[in-house]
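> Can you keep this structure in mind? I'll have questions shortly.
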Amino acid sequence: MTHAVELNQFLAGVEKRAYAIAVMSVKNPEDALDIVQDVMMTLASKYAAKPSTEWPPIFYRILRNRITDHHRLSVRHRRWFGWLTPHTEEDNPLENSPGHRQYEPEQKHRAVSNGVRLVEAIEQLPARQREAFVFRAWEGLDVKGTARVMGCSEGSVKTHYSRAVKSLRAQLGDLVYD
């Protein structure tokens, strides 16, 4: 298998999960798509020659950095131009997306799956706990790889992950496994 084919398979395998991470972090599907595309292009152009075993931590480190850059730019933009745009508490891109249905309370209760409940609970975690949980539980990175992605010590990863799991268990019960 050529290196290019292997890179394409890797990117195809992480694309949807990276998009989900980005949407949870930036709360805007279009911005999330732009971020993921930029991350994929950066990995392909700058790190394709690296061994394939190094791609996951590099990919998620780039993703994390792009999300952080997006938040910094948003803060700067709001500081300078925020008075031009009215903001409401109902600004939820998922609620305004095509195909989103409004449910009656009984219907909503039946429609909410465990996956949706988990995503909502993950979104409520502090940023570092959310990162540690997503990279460890969803992406399957080991402690060392997660520490590399998050730019912190392995001990910090263990602490953030443990706190995330404890918080999620308190909210969701047996739905969360360690």
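> Within segment 151-159, identify whether any single residue is under 25 Å from Asn28 (Cα atoms) and assigned to a helix (DSSP H, G or I), and answer yes or no.
Within segment 151-159 (the criterion being under 25 Å from Asn28 (Cα atoms) and assigned to a helix (DSSP H, G or I)), the answer is no, since none of the residues qualifies.
> Same structure, new question: Which one of these is of a type in the set (Gly, Ala, Ser) and modelled with pLDDT under 90: Ala147, Ala132, Ala121, Ala164?
Ala121
> Moving on. Given the criteria modelled with pLDDT of 85 or more and touching a Phe, Trp or Tyr at 6+ places or on another chain (Cβ under 7 Å), does Ala127 qualify?
no
> Applying the selection to segment 138-160, what residues are touching an Asp or Glu at 6+ places or on another chain (Cβ under 9 Å) and within 22 Å of Val23 (Cβ to Cβ)?
Result: Thr146, Val149, Met150, His160.
> If I ask for residues that are more than 14 Å from the chain's Cα centre (by Cα) and either part of a helix (DSSP H, G or I) or in contact (Cβ under 8 Å) with a residue 60 or more places away in the chain (or both), which ones from segment 1-29 would you list?
Hits for segment 1-29 are His3, Ala4, Val5, Glu6, Leu7, Asn8, Gln9, Phe10, Leu11, Ala12, Gly13.
The values are calculated or read from the model by the stated rules, or taken from the named source; none is laboratory data. This is a predicted model, so every value here is computed, not measured. A quick note on method: Cβ atoms are made from the backbone with ideal geometry, for glycine too, and the neighbour counts reach across all protein chains shown.
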